[in-house]
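The values are calculated or read from the model by the stated rules, or taken from the named source; none is laboratory data. In this text, all values refer to a predicted model and were calculated from it rather than measured experimentally. A quick note on method: Cβ atoms are made from the backbone with ideal geometry, for glycine too, and the neighbour counts reach across all protein chains shown.
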Ligand code: HEC
């Protein structure tokens, strides 16, 4: 299942054109490395470098990372591809890693087993998290408890730079607000919507 989902990457990632990403919903090649950047950022660079026309984008597409939007609101293949991209060394180099764990945590609460597994494996690639164990196919309750442990860990240790493009506005506290927003909007799995 995971292999099949990962193979989708070569099939789905076709063009760096921001307009293609917009029309097809396919992850854009630039935004699969620049995980913290919006589609607007990519479109502007492509316009500057290759004179590609800048498509009309809404506010979210202008201000928020395309990868984050795919992970939070995309369909299953978009979520799988994005969760896998977080493990990719060139993407980590281009985007930094500090801000990533809360996002992967969202992937670990995904309704799909395979996406939970991919997200967990991506989290594992950062040295601070390599000892953390999580069973993506454990019972709902066990996963819920594991999620609580990570949240505690994040609150104690994570001090990311403020980055509004990835919904990390000041500290992890605002990530909670973001989570709560996505929970109340019913966008992400109820299993991770901790009270
Ligand atoms: C395989 C991964 C990868 C892909 C694909 C990629 N980049 Fe990058 N890009 C990087 C890395 C790594 C850096 C260097 C980042 C650093 O070390 O600060 C970088 C740097 C940049 C920079 C200068 C630094 C910055 O963040 O302003 C720009 C602009 C940029 N890339 C735009 C693009 C655009 C536009 C595309 C698509 C046409 C693209 N990149 C595709 C990996 C990638």
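A few notes on this one:
- Spans of helices (runs of 4 or more DSSP H) in the stretch 18-84 with at least 2 residues modelled with pLDDT under 95, more than 10 Å from the ligand (Cβ to nearest atom) and within 23 Å of residue 163 (Cα to Cα): 59-63, 66-73
- Residue match in the stretch 108-118 (condition: within 16 Å of the ligand (Cβ to nearest atom) and in a helix (DSSP H, G or I)): no
- Where a residue in the stretch 89-114 is under 15 Å from residue 134 (Cα atoms) and its partner, wherever it lies, is within 15 Å of the ligand (Cβ to nearest atom) and part of a helix (DSSP H, G or I), with Cβ under 9 Å and at least six apart: 102/166; 107/82
- Qualifying residue in the stretch 167-189 (condition: loosely packed, with under 12 Cβ neighbours inside 10 Å, at pLDDT 65 or above and part of a helix (DSSP H, G or I)): yes
- Among the criteria (1) modelled with pLDDT of 90 or more; (2) crowded, with 18+ Cβ neighbours inside 10 Å, the one residue 93 does not fulfil is (2).
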